[in-house]
Ligand SMILES: Cc1ncc(C[n+]2csc(CCOP(=O)(O)OP(=O)(O)O)c2C)c(N)n1
Ligand code: SF4
Ligand SMILES: [Mg+2]
C-alpha cells in the first residue's frame, strides 16, 4: 500500500475504539503514551482493521497498560514477554492482526532476546515500542535507552551506561520493517504505524514517548510540550533529506521508515509434501 | 489420524508426543533440554502431518509464553522441558493459571538442583511442580509410571486442562522418559476427547470470568466478537484489574475452589495390596515400579506390604490415601530426592501411621532390594 499522508481527523472518533467504561485512564497528565495510543487507533481506523480481528498483546509497564483501553481482543501478558505470547498467538491464528505494545524496558531489557528472535523470524505482526527512556511504571529507574548523564532513581549520579539504538538492533536482527517517530505530530506517527501494519512480516516501530511525571520532572525537562519539542529537535527526519537535518545534530536519531525489505514472511516457505529426515 | 500400528515399541518421551497428537494438541513450542528433547523432536515430526504448528523458541520463557498465546488463540498447546527449563517457565505458567488458559507442560525430571545431572534420573521437582510459580494458584500434576501411562496421561492432561481451564503438568523421571515399552497406541475414542467450552451466547455484557455452577467460565475465542481483556493482574468478572478486596480475594478463591469442586474428575491413583498391609509404600514413577516388585518379594517372605501410587500427584489424592493406610503400622515414602513427597504424607498422616523416608539423590534409581530392606527395618 502506498500510504498517502493525509489527515482524516474529522471522521475519526477515537472514542469508538476505546473501552470508555474504564475511564478515567491511569496515565499521568502529559504522558506521551496517550498520543502513541491515539496514533495507533487512528492507523487502525485508516487501514480499516476490524477490532474483532485485531489482537493487542502488551507487556508490563505504563505502556503495557494501554492495551486495556482498546476495545478489542487484548492480552496483557508478563514483563518482557509479549512478543513470545504474540508469536504463539500469531502462529495459531493467522487470521488475526497481531499488534504488540511494549516499553523500552519491556522490549529491550528483560525482553531483548525475544525482540531479536522476533526480528529474525519475520512473522507477521507489528511491534510498537514506546520509548520514554525510563521504567515509568516502577517509579523511574534507568532503562537501556536512558540518555547518558540523565538522572533516574537508580542513577542518582547520572547514567553512565551506553544507550541502545533499538532500530539498529532490530535492523541487524533482520526485522523486515523498521521505523521511528516522535509523538509531536500525531498524523506523521499515524502514517508510520499504518505502513508498519501494512507490512507483511515483522514490523518494528520505536515511538519516542515522554514520561513527564517522573523522568521529565527528575531531569527538569519541563512540561510535556517542552519535552516533545526537544525530542523533535533531537531527531533527523529521513524524509527531509540530508541538508535540512544539519541543525538537528549532534543527536541525530533518524525518524521515518528506516528499513523496508522484501524478506519472505515466516510462513512464506511451504514445506508441505517434503519428506522428513 | 496418524498411520501407526496399534501396538508399537516406543520410548516414553515419544509416547508423550503421540499422546498429545491423539488428544488434539496442535501447537508445540519448546527449547531443547536433556532428558526431554525427544518430546519436542516427536512433536516437530508429528504436528506437521496433522497441520499443526511446531516452533523452537529462543528459550523456555518464550516457549511457555508461546503456548499460552497459541492456547488463547484456541489451539491445544504443549511444551516440554526439564529442571532448569521448568524453573524458567514458572512465571508464564502462573499467568496461565491466573488467566485460566489451558496448556500442558511436560517436565522430565533429571538430577538437580541447578544444572545437576542432565542425563541421570531424579524426582526432585515434586514440590516445584506444585509451588513453582508465585502466589496461591491452582495446578494439576500427573505422574505416569510407564510408557503406556505416559501416552494415556498425556491425553488425560489435555482433557483436564481443557475441561477445567487450568495448566496441567506431566511429571515423570528420566528413566520413564527414556524407557522403551510396547504399548497400545489405539487413539482414544473421539467422544472422550474434551474440547474447551467456547463462549457462544450474548456478546454484550459477556463476563469472561463469570461465576458459574461448575466454576469454569466459558472462554471467548478472539475473532468471535467478544473483545475480551486478558490479564495476569487480579481481575474481576469482566476481566479488568481490580483492587477491591472482596473481588480480588474471590477471584483467587474461585481458582482454588475450581479444583476442589472437580476433585473426583481430577483424582487418580493406583493401590496394590493395601487392605491388609502392615507397611504401605508410597512412590511415583520408576520408584513406584521398584515398590511394586518389592512388595511381591516381601509377600513371598510373609511380609504384608502394599503400594499406594498417586497418578494425580497434585492435588494429592488425600482421602483415598488415608483410607489405603488405615490399618497400616507404617508408611514408607520412597523417592529420588531428599524428602519432598514425604512432607505431604507426614502432614496427612499426622503421626498415625508413622512415616518412614527412603531417599536417594545420587542419580541412581531406588531398587526393589533397597525398598525391601527399608520395610524389613521398619517392622523390626
Ligand atoms: C519479571 C518482572 N520483573 C520486574 C517487574 C516490575 N516492572 C514492572 S513494569 C517495569 C518496567 C517498565 O518499563 P518500560 O517497559 O520502559 O515501560 P514504561 O512503564 O516506561 O512504559 C518493571 C521493571 C515485573 N512486573 N515483572
Ligand atoms: S509514570 Fe511516566 S510513563 Fe507512566 S503514565 Fe506517568 S508519565 Fe506516563
Ligand atoms: Mg519506559
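All of the numbers you see were taken from the coordinates with simple rules; none came from a lab. This structure is a prediction, so every number in the text was calculated from the model and none was measured. Glycine also receives a Cβ, built like all others from the backbone with ideal geometry; neighbour counts cover every protein chain displayed.
Note on B:230-243: average number of Cβ atoms from other chains within 10 Å of each residue's Cβ is 3.
Of B:197, B:301, B:75, which is the most mobile in a GNM of chain B whose springs link Cα atoms less than 10 angstrom apart? Looking only at B:197, B:301, B:75, the biggest GNM fluctuation is shown by B:301. Calculated translational diffusion coefficient of segment B:271-378 (10 °C, 1.306 mPa s; Stokes-Einstein with Kirkwood radius over alpha-carbon pairs) equals 119 µm²/s. Just to confirm my numbers, what's the Cα centroid distance between segment B:246-268 and segment B:348-375 in Å? Cα centroid of segment B:246-268 versus Cα centroid of segment B:348-375: 32 Å apart. Computed from the alpha carbon atoms alone, the convex hull of segment A:32-262 holds 112 Å³ per residue. The Rg/Rh ratio for segment B:193-275 is 1.11, where Rg is the radius of gyration of the alpha carbons and Rh is the Kirkwood radius. For chain A, the longest principal axis of the alpha carbon atoms and the long axis of helix A:112-121 meet at an angle near 40°. Separation of segment A:141-193 from segment A:36-74 is 21 Å, based on Cα centroids. Between B:158, B:27, B:54, the residue with the greatest mean-square fluctuation in the GNM of chain B (Cα pairs under 10 Å linked by springs) is B:54. Computed from the alpha carbon atoms alone, the convex hull of the protein assembly as shown holds 172 Å³ per residue. Per-residue ellipticity at 222 nm for chain B, helices alone: DSSP H runs ≥ 4 residues times -39500 (n - 2.57), over residue total, nearest 500 deg cm²/dmol? Estimated from H runs of four or more residues: -12000 deg cm²/dmol. Over chain A, DSSP H runs of length four or greater, each weighted -39,500 (n - 2.57), average out per residue to a 222 nm ellipticity of -7500 deg cm²/dmol. Sequence-distant contacts, meaning Cα pairs under 8 Å at least 6 residues apart, place the relative contact order of chain A at 19 percent. With chain B treated as a Gaussian network of Cα nodes joined by springs under 10 Å, which of B:51, B:285, B:132 yields the largest mean-square fluctuation? Highest fluctuation among the options: B:51.
If you wrap the Cα atoms of segment B:7-192 in a convex hull and average its projected area over all directions, you get 9.1 nm².
Over segment A:20-132, the pair-distance histogram of Cα-Cα distances with 10 Å bins from zero comes to 15, 49, 32, 4 percent, rounded to whole numbers. Distances between every pair of Cα atoms in segment B:129-205, grouped in 10 Å steps from 0 to the bin holding the largest one, split as 16, 37, 30, 13, 4, 1 percent. Measuring how big chain B is from its alpha-carbon positions, Rg and Dmax come out at 20.9, 70 Å. Reported value for segment A:126-177: 77 Å³ per residue, from the convex hull of its C-alpha atoms. Across chain B, Cα pairs under 8 Å and at least six residues apart give a relative contact order of 16 percent. Relative to the longest principal axis of the Cα atoms of chain B, the long axis of helix B:245-261 lies at roughly 50 degrees.
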